[in-house]
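The block underneath contains the structure these notes are about, expressed in structure tokens.
Readers should treat all values here as calculations from the given coordinates under stated rules, not as data from a laboratory. Please read these numbers as outputs of a predicted model, since none were measured by experiment. Please note: Cβ atoms are built from the backbone with ideal geometry, for glycine as well, and neighbour counts cover all protein chains shown.
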Amino acid sequence: MDKKAHVTACIGGKEDPPGSAKVRTARLPITGIPMVKATPSKQSDEVITGRNSKGKIYTDSIEVTGELPLKFAPCAGVGMGLTSLLGEDSDPKQVGGAILLRYTGDEASCKISVSDGDKQVLVATGVLGAEISDPSFGAAGVLGLSDAGYDSLIELVTALNGFDGYESEILFGPEGLSTSNPVAITASQGKDRQVVIFFEDETSGVYLHRIKQVVSNTERPTYTLQVDGITDNILQSGVVVDSASLSAELKGRAQVSMSLMGLTHTGGQEASDLPLPQQEPMRFFRGSSFVSGEEYTYIKSFSVDIKNNHDSDVGYGQGSLYKTEHARGEFDATGSFKVRTDAAAKAERSKVLTDGKASLLTIFKGGNYSGDIPELAIIDLPAVQYTEGEPTESGNVIDLQFTYQVIDEMSYDPMVQIMLLTTDNGRYDA
């Protein structure tokens, strides 16, 4: 008999073209049974038999779907799934530390750029799209990262906190890590949110993947999925992540559930023997949460639901019972979080009625790869608006439950970006 504890799942890709199965290269950290299905749409022959009876049944189409419940871990399998969900991975950079930088001044916009060639942080403030160099930051808005007084994490953070209208802290890494090799940022909004700046370390063996939402009219990358131990060993090709739900709660662990659409479904595969990822669970207490740039220690829960809204009919045609392509619809991301009713939370609640904008930065950590480098995942939502902010009873206290919509502010950052620190030195979309 088949048993849940013997089920495994693995993934490979990306595919090119979609549906051309790839060798599976990464085991998936499943937390439940992956429900991979090939569901036929059947009808009986419409002919009247003259015998008060049904005619033979025929299949008109076959829909390939799947559900993947996963531990949210910074590993190759989860990274490929998130890349299919959002569209694009970055060239991985070997890193050893990172800082958070936030603008607290009065200007409407703060454009933060990081040059890896010139080894500089450049800051401009003012009206969005027409910012000018901020004389309060460094030398007329430019700070040289290889200059004395700025060339280690602790020196840099100390200096940034001394500039009028800015605050900074070390996210991870040794205080003495050199800052002379930053990871480039073309532009990022620093007003009312934290910008994460990473620094390279060619000896760390840990790589930064920045997976971001693609807004152009292109289809999401597809991958090959194999699930072993549920009646058969099943291979699905042309698999795209249509939607995913990421969540974590107080005293719990971060999880992600992905809903899939595929092009083929084939049994009889040789069982995979890929090793299980060894990252620790991302326990809620090890995380950090920033709402509109302010850190919230007493957060109770967080979730985000990301949807591509693929069309279920586009891709069917003549010559095959299966779809041969995918067509995504309008991108959508919504979610919720629950916090203690303190002064900051009450101020955020006022935005429900005023249509004010907020930002969310949620950080999860597992164990450590080595030294001060954690198993890290960051969910960055630069612009959201609240749809509700309601009091809710939580035992003996009253919390505030916010629901939100991710919006396209048409500023400098992707609507959704997920950053992972892994040991994988190759892109997940290559």
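Put simply, the amide H of VAL183, placed in the peptide plane, has neighbours under 5 Å in PHE198, PHE199, GLU200, leaving out anything fewer than 5 places away on its chain. For the stretch 1-145, the square roots a ≥ b ≥ c of the C-alpha gyration tensor eigenvalues yield an a/c of 1.5 or more together with a/b exceeding b/c, which makes the shape prolate. Considering helices alone, the calculated mean residue ellipticity of the chain at 222 nm is -2000 deg cm²/dmol, with DSSP H runs of length four and up weighted by -39500 (n - 2.57) and normalised per residue. Note on the chain: GNM, Cα springs under 10 Å; of GLY13, GLY138, GLY389, the largest mean-square fluctuation is that of GLY138. Excluding same-chain neighbours fewer than eight residues apart, the lysines reachable from LYS365 by a Cα-Cα span under 26 Å are LYS71, LYS93, LYS191, LYS212, LYS251, LYS300, LYS307, LYS338. Largest first, the three principal axis extents of the alpha carbons in the stretch 22-73 are 61, 24, 10 Å in whole numbers. Under the shape rule built on the C-alpha gyration tensor, where the axes satisfy a ≥ b ≥ c, the stretch 236-287 is oblate, since a/c reaches at least 1.5 while a/b does not exceed b/c.
Taken about its Cα centre, the stretch 94-209 carries a charge dipole of roughly 280 debye when the Cβ of each Lys and Arg holds +1 and the Cβ of each Asp and Glu holds -1. Ratio of Rg to Rh for the chain: 1.03 [Cα atoms; Kirkwood radius as inverse mean 1/r over pairs]. For the stretch 57-136, a simple Cβ point-charge model (Lys and Arg +1, Asp and Glu -1, everything else neutral) yields a dipole of about 360 debye relative to the Cα centre. Sequence-ordered 3J(HN,Hα) estimates for the stretch 15-31 from the Karplus curve with 6.51, -1.76 and 1.60 and θ = phi - 60° stand at 8, 7, x, x, x, 8, 4, 10, 4, 6, 10, 9, 7, 9, x, 6, 10 Hz, glycine and proline given as x.
The Cα center of the stretch 17-70 and the Cα center of the stretch 323-354 differ in position by 33 Å. In terms of overall dimensions, the stretch 189-305 has a Cα radius of gyration and Dmax of 18.9, 55 angstrom.
Taking other residues whose beta carbon is less than 12 angstrom from the beta carbon of GLU131, and scoring Lys, Arg as +1 and Asp, Glu as -1, yields 0. For the chain, the longest stretch holding no GluC sites (Glu not before Pro) located in a DSSP loop with at most 10 other Cβ atoms within 10 Å is which? Excluding the exposed sites themselves, the longest stretch runs over 47-201.
Largest GNM mean-square fluctuation across GLY229, GLY395, GLY32, computed for the chain with C-alpha springs under 10 Å, falls on GLY395. For the chain, a simple Cβ point-charge model (Lys and Arg +1, Asp and Glu -1, everything else neutral) yields a dipole of about 1520 debye relative to the Cα centre.
Once a ≥ b ≥ c are taken as the square roots of the eigenvalues of the Cα gyration tensor of the stretch 285-384, is the result rounded (a/c under 1.5), prolate (a/b larger than b/c) or oblate (a/b not larger than b/c)? Oblate, since a/c reaches 1.5 and b/c is not below a/b. Under a 5 Å amide H cut-off, with hydrogens placed 1.01 Å from N, GLU63 pairs with THR39, SER41 among residues at least 5 apart or on other chains. Angle, helix 153-162 long axis vs. longest principal axis of the chain, Cα atoms, 0 to 90°, nearest 10? Its long axis makes an angle of about 60 degrees. Dipole of the chain computed with +1 at Lys/Arg Cβ and -1 at Asp/Glu Cβ about the Cα centre; of GLN43, GLY329, SER301, farthest Cα towards the positive end is GLN43.
Distance from the Cα centroid of the stretch 133-212 to that of the stretch 378-393 is 27 Å (rounded to whole angstrom).
Once the Cα atoms are used to define both axes, helix 76-86 deviates from the longest principal axis of the chain by about 90 degrees. In the chain the longest region clear of trypsin sites (Lys or Arg not before Pro) that are loop-assigned by DSSP and have at most 13 other C-beta atoms within 10 Å covers 57-250.
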